[in-house]
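Report on the structure given below.
The values are calculated or read from the model by the stated rules, or taken from the named source; none is laboratory data. Please read all numbers here as calculations on a predicted model, not as lab measurements. Because the Cβ atoms are built from the backbone with ideal geometry, glycine has one as well, and the counts that use them run over all protein chains shown. Ligands, DNA and RNA are excluded from the accessible area calculation, which covers all protein heavy atoms including side chains. Shrake-Rupley method; radii C 1.70, N 1.55, O 1.52, S 1.80 Å.
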Amino acid sequence: AASAQLQLAVPIAVVFAPGSVPGDLPRPLPFRDVEEMEISVNLRSSITSRYETLYRSTTAQEEAALNAATAREADAALCLLQDASLGSLTVYVVPEASSVLSQGVSVYVGKHRSALVRAGGGLATLRTRLRQLTQLMSFTASSITAALSDRVPDSQLSPDARRHLKSSLGYEITFSLLNPDPKSHDVDWNIEDAVNRYVQPVLDKLSLLANFSVDSQILYYAVLGVTPRFDKESSSFLLSAHSLPHVINPVEARLGSSAASLYPVLNFLLYVPERSHSPLYIQDRDGASVSTNAFHSPRWGGIMVYNVEAPDSPSASLPLHVDVDMVRVMEVFLAQLRLLFGLAREELPPEFLLESPGNEGLADWELDRLLWAHTMENIATVSTTLTSLAQLLDKIGNIVIKDDVASEVYQAVASAQSAMANLATGHLQLAFQASKEAVTSSERAFFDPSLLHLLYFPDDQKFAIYIPLFLPMAVPILLSLAKIVREARQCKKEPTKMD
């Protein structure tokens, strides 16, 4: 198993502003410290997480940045001064009386790769804070076991472990507008502008992770396949939580995007209910109405119901023109996109403040979290693919492995080893790139056309195919041969006549 000797090194800098140095430091600044933790994967393998921490004092520029009026301004100024390499963390410790952190906030997590921590309580308190921050900003035992979910016993997995998208070299995103009642509603959505404004910045940030393609479509007369229940009290229609799984299958048959796709497809559907079922609301399991009027399906996508206000006068001409509020719709779809990638914000202590990632949709450290998990998943995938290939080749006796297949296997092994070496030295970006190359090479080897026909035509199948073809031809040939043999024997028995 490739995970048996894995080490994940996280480079951390803890930077003390003047007046914030704890009195119980073991050595004078600057000094280095290493802390290791074991993450158990299964009975045979575990992963070592290694936190390599450098404790030092602020530079003059960092000190000036920490004197900013707000934590957000300080974070923006410090971003230009710190180590920007992926996977690294910088924690700035400010004096207890510092005004850069607002009242009641002890830890501020910025949108880059740094955090501000209020001093106080000595080194033990600081270490606890650091542990909380590394769990939040890099990886946790549960995020690593979720990435290796195929190898981990189910008892060790969190309920969300199998909800996130599997690592892939690419993803296809499809936005679909479902208008089941075009006679009543003429729906207009400016999807191109909305994608450029709200989705593209997020995808630009995620472009390091994978290739993304985006398309959109409008489907007419596409219904949900579940009849909503009419509620007299609210004079509206309701979709209950237990009926939501039955909504997807009938709709998916109309989408038609995943059949021809090489990569996982994420579907985001905006459903404008027909006039006879308006307004339509989604209920959660407790019977309360869902504020976003949307739901998401793990590893598939999300659906949002967009109600159209009834016209003021009953004699209004149909179809009604509807301009979709794309800001509201995109807020929901981007939140669902984050959930699909496993970027949901975790419950944090009240003294923690997380900066909103703004227009980019995710913070730099959240991208790092994805890269840690996807690198681990890629290494595990390569190991599984090459093991399967080796077992397969053992079973086929007459196989000829071409040089280019062998070189892809060697390349996959070398890239996987390079990824593991880079993880152990804290070079997350290099490790991730190497893990992607390893996946590509291992899949090229596994799906090579020269191996495929041997997979589908083993020896016993060849006999089954060729015997029916050759038997009819062989019968007259064998009969002729038997006749010739018989005649030859007779000739030997009969003595030759003498005149």
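Considering only the stretch 55-63, I want to know if a residue exists there that is more than 22 Å from LEU348 (Cβ to Cβ), in contact with a Ser or Thr (Cβ under 7 Å, 6 or more places away or on another chain) and in contact (Cβ under 8 Å) with a residue 12 or more places away in the chain. Can you show your working first?
Start the filter on the stretch 55-63 by keeping residues that are more than 22 Å from LEU348 (Cβ to Cβ), which leaves 55-63.
This time we only want the ones that are in contact with a Ser or Thr (Cβ under 7 Å, 6 or more places away or on another chain), so: none.
No, every residue in the stretch 55-63 fails to be more than 22 Å from LEU348 (Cβ to Cβ), in contact with a Ser or Thr (Cβ under 7 Å, 6 or more places away or on another chain) and in contact (Cβ under 8 Å) with a residue 12 or more places away in the chain.
Of everything in the stretch 106-125, what is among the hydrophobic types (A, V, I, L, M, F, W, C) and at pLDDT 90 or above? Give them in sequence order.
Residues satisfying the conditions are VAL107, VAL109, ALA115, LEU116, VAL117.
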Legend entry - Count - residues of the stretch 290-311 that are modelled with pLDDT under 85 and within 30 Å of the chain's Cα centre (by Cα): 0
Legend entry - the stretch 229-249 residues that are β-branched (Val, Ile, Thr), paired with ones that are surrounded by 14 or more Cβ atoms within 10 Å (Cβ to Cβ) and in a loop (DSSP other than H, G, I, E, B) (beta carbon under 8 Å, 6 or more apart): VAL247/LEU224; VAL247/GLY225; VAL247/VAL226; ILE248/TRP300
Inset, instruction - Looking only at the stretch 362-383, decide whether some residue is touching a helix residue (DSSP H, G or I) at 6+ places or on another chain (Cβ under 7 Å), within 22 Å of MET304 (Cβ to Cβ) and either part of a loop (DSSP other than H, G, I, E, B) or modelled with pLDDT under 90 (or both). - result: yes
Inset, instruction - For the stretch 14-25, state whether one or more residues are free of Cβ contacts under 8 Å to residues at least 24 places away in the same chain, surrounded by 12 or more Cβ atoms within 10 Å (Cβ to Cβ) and not in a loop (DSSP other than H, G, I, E, B). - result: no
Inset, instruction - Among the residues of the stretch 113-128, count how many are open to solvent by 40 Å² or more (accessible area, probe 1.4 Å) and either within 16 Å of LEU89 (Cα to Cα) or not in a helix (DSSP H, G or I) (or both). - result: 4
Inset, instruction - Scan the stretch 340-369 for residues that are without any contact (Cβ under 8 Å) to a residue 60 or more places away in the chain and either closer than 18 Å to ALA76 by Cα or buried (at least 18 other Cβ atoms within 10 Å of the Cβ) (or both) and jot them down. - result: LEU343, GLU366
Inset, instruction - Could you tell me whether ASN307 is in contact with a helix residue (DSSP H, G or I) (Cβ under 9 Å, 6 or more places away or on another chain), under 22 Å from ASP325 (Cα atoms) and either open to solvent by less than 50 Å² (accessible area, probe 1.4 Å) or part of a helix (DSSP H, G or I) (or both)? - result: no
Inset, instruction - Just need a number here: residues in the stretch 40-54 that are in contact with a Ser or Thr (Cβ under 7 Å, 6 or more places away or on another chain) and over 18 Å from ALA421 (Cα atoms). - result: 2
Legend entry - Subset of the stretch 39-93 that is among the charged types (D, E, K, R) and within 25 Å of GLU366 (Cα to Cα) - its residue that is surrounded by the most Cβ atoms within 10 Å (Cβ to Cβ): ASP75
Inset, instruction - Would you mind listing the strands (runs of 3 or more DSSP E) fully within the stretch 186-284 where at least 3 residues are surrounded by fewer than 19 Cβ atoms within 10 Å (Cβ to Cβ)? - result: 211-220, 229-231
Inset, instruction - Give the stretch 314-336 a look and list any residue that's assigned to a loop (DSSP other than H, G, I, E, B), modelled with pLDDT under 90 and either open to solvent by 50 Å² or more (accessible area, probe 1.4 Å) or not assigned by the TED database to the domain that holds ASN196 (or both), or say none. - result: PRO314, SER315, SER317, LEU318, PRO319
Inset, instruction - Name the one entry in VAL409, VAL400 that is open to solvent by 20 Å² or more (accessible area, probe 1.4 Å), at pLDDT below 80 and in the same structural domain as SER383 (by the TED database). - result: VAL400
Inset, instruction - Would you mind finding the one in VAL214, VAL187 that is in contact with a strand residue (DSSP E or B) (Cβ under 7 Å, 6 or more places away or on another chain) and within 30 Å of GLN433 (Cβ to Cβ)? - result: VAL214
Inset, instruction - Using the structure shown, decide if GLU96 is open to solvent by 60 Å² or more (accessible area, probe 1.4 Å), in a strand (DSSP E or B), within 23 Å of ALA124 (Cβ to Cβ) and touching a strand residue (DSSP E or B) at 6+ places or on another chain (Cβ under 9 Å). - result: no
Legend entry - Condition met for ARG131 (within 27 Å of GLU377 (Cα to Cα), at pLDDT 90 or above, open to solvent by less than 50 Å² (accessible area, probe 1.4 Å) and of a type in the set (D, E, K, R)): no
